[in-house]
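K.L.:
Input: one structure, supplied below.
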Amino acid sequence: MIDEPLFYLTAIVAVLIVGIAKGGLAGGIGIVGVPLMSLTIGPVRAAAIMLPILMVMDAFAVRAWWGKWDRGNLAVLLPGAVLGTAIGWLTFGYLSADTVRVLIGAIALGYSAAWFLRPTATAARPASRLRGAFWSTLSGITSFGVHAGGPPLHVYLLSQRLDKSVFQGTTVAFFFVVNWLKLGPYALLGQLDATNLNTALVLAPLAPVGIALGAWLHHRINETIFYRVVYASLAVIGTKLIYDGLQG
């Protein structure tokens, strides 16, 4: 098990934020998890430790949002998730740790900038098999490497201006399937070793806490202020990871 105190400081915050996102605030803040943990350990190990925790969260989140997903959207999105996961698996070994840091940082920084620069109001776009297949495949790829599948999925779903609860339920159901798809490949790649699994086991009790906080905050928090703080933090984390990766 990892025994660095600084790691657990970042990991506890990361797990709680991801849990809050899955529990009721699926606006993309879950992307913070791996970048935050990557400040204290390698990004590949951070992703491996996070996967079992995400699966525990998924079990609680699916129960909390059972039946609230959009079946039509899921029918379009899940085939792309399978394809994206396969592509992520096949290309996993071609990137160095520093390259992964730069990529994670760029995704984090770009998504933060997109949130701050987003249009204040846009017309709803209908569901589309072509756009859904593209964005879900990209989500599967980015989710496999660093659990950053939220941004591509949300580009597609947010454009439809779904009801907040339907959006949350569809996101939860999508990533429940995606994280199970990743389990076998992660094991075959040697990512689920004893150290990573034991560390995940220590952090796993925080998963239901984060889910409960997210469900409680869903109807109570000022989302604008909350997201502003989180995405500003994400920009700082992304910048740090890009700097570290380029230095390496």
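K.L.:
Which one of G23, P35, L162 is farthest out on the positive end of the charge dipole of the chain, using unit charges on Cβ (Lys, Arg +1; Asp, Glu -1) and the Cα centre as origin?
P.N.:
L162
K.L.:
Return the carbon/sulfur percentage of the accessible area of segment 141-248, one whole number, probe 1.4 Å, all protein chains in place.
P.N.:
In segment 141-248, the share of accessible area belonging to carbon and sulfur is 68 percent.
K.L.:
Diagonalise the Cα gyration tensor of the chain and give the resulting equivalent ellipsoid semi-axes, square root of 5 times each eigenvalue, largest first, whole Å. Don't skip to the end; give the middle numbers.
P.N.:
Numbers: eigenvalues 128, 77, 72 Å².
For the chain, the semi-axes come out at 25, 20, 19 Å.
K.L.:
Is there a quick way to get the dipole size of the chain? I mean about its Cα centre, with the Cβ of Lys and Arg at +1 and of Asp and Glu at -1; what is the value in debye to the nearest 20?
P.N.:
800
K.L.:
Can I ask one more? Just to be sure I follow the rule: in the chain, considering lysines 8 or more places apart or on different chains, how many pairs have Cα atoms under 20 Å apart?
P.N.:
4
K.L.:
Place a +1 charge on the Cβ of each Lys and Arg in segment 63-199 and a -1 charge on the Cβ of each Asp and Glu, then give the dipole magnitude about the Cα centre in debye, rounded to the nearest 20.
P.N.:
Roughly 480 debye, rounded to the nearest 20.
K.L.:
Explain nothing, just the number: relative contact order of the chain, from Cα pairs under 8 Å at least 6 residues apart, as a whole percent.
P.N.:
Reported as a whole number, the value is 41 percent.
K.L.:
To the nearest 10 degrees, how steep is helix 129-146 against the longest Cα principal axis of the chain, on a 0 to 90 scale?
P.N.:
For helix 129-146, the angle is close to 20 degrees.
K.L.:
Taking the Cβ-Cβ separation of V202 and R63 as r and a Förster radius of 25 Å, what is the calculated FRET efficiency to the nearest 0.05?
P.N.:
0.60
K.L.:
Return one number: the angle in degrees, 0 to 90 and rounded to the nearest 10, between the long axis of the Cα atoms of helix 206-217 and the longest principal axis of the Cα atoms of the chain.
P.N.:
30
K.L.:
Once Rh is set to the Kirkwood radius over Cα pairs, what Stokes-Einstein translational diffusion coefficient, in µm²/s, holds for segment 61-161 at a temperature of 20 °C and a viscosity of 1.002 mPa s? Spell out each step's value before the answer.
P.N.:
On the way: Rh = 14.8 Å.
In µm²/s, the coefficient rounds to 145.
K.L.:
Which is farthest toward the positive dipole end of segment 42-115 among T99, L74, I87, measuring Cα position about the Cα centre, with Cβ charges +1 (Lys, Arg) and -1 (Asp, Glu)?
P.N.:
L74
K.L.:
Please determine, in degrees from 0 to 90 and to the nearest 10, the orientation of helix 194-203 with respect to the longest principal axis defined by the Cα atoms of the chain, where the helix direction is its Cα long axis.
P.N.:
With both axes taken from Cα atoms, the answer is about 50 degrees.
K.L.:
With viscosity set to 0.692 mPa s and temperature to 37 °C, compute the Stokes-Einstein D of segment 130-246, Rh being the Kirkwood radius across alpha carbon pairs; µm²/s, no decimals.
P.N.:
Answer from the Stokes-Einstein relation: 196 µm²/s.
K.L.:
Starting from the Cα coordinates of segment 161-224, work out the convex hull volume and express it per residue in Å³.
P.N.:
Here the figure is 120 Å³ per residue.
K.L.:
Additional query: Charges at C-beta only: +1 for Lys and Arg, -1 for Asp and Glu. How large is the resulting dipole of segment 1-85 about its Cα centre, in Debye rounded to 20?
P.N.:
On the way: 5 positive and 4 negative charges, 60 e Å.
For segment 1-85, the charge dipole is close to 280 debye.
K.L.:
With a cut-off of 8 Å between alpha carbons and a minimum separation of six or more residues, what is the relative contact order of segment 48-187 in percent?
P.N.:
Computed over segment 48-187, the figure is 46 percent.
K.L.:
With the other protein chains left in place, how much accessible area per residue, in square angstrom, belongs to the chain at a 1.4 angstrom probe?
P.N.:
46
The values are calculated or read from the model by the stated rules, or taken from the named source; none is laboratory data. Owing to the predicted nature of the structure, the values given are computational and were not obtained by experimental measurement. All Cβ positions, glycine included, derive from the backbone under ideal geometry; neighbour counts span all protein chains shown. Ligands, DNA and RNA are excluded from the accessible area calculation, which covers all protein heavy atoms including side chains. Shrake-Rupley method; radii C 1.70, N 1.55, O 1.52, S 1.80 Å.
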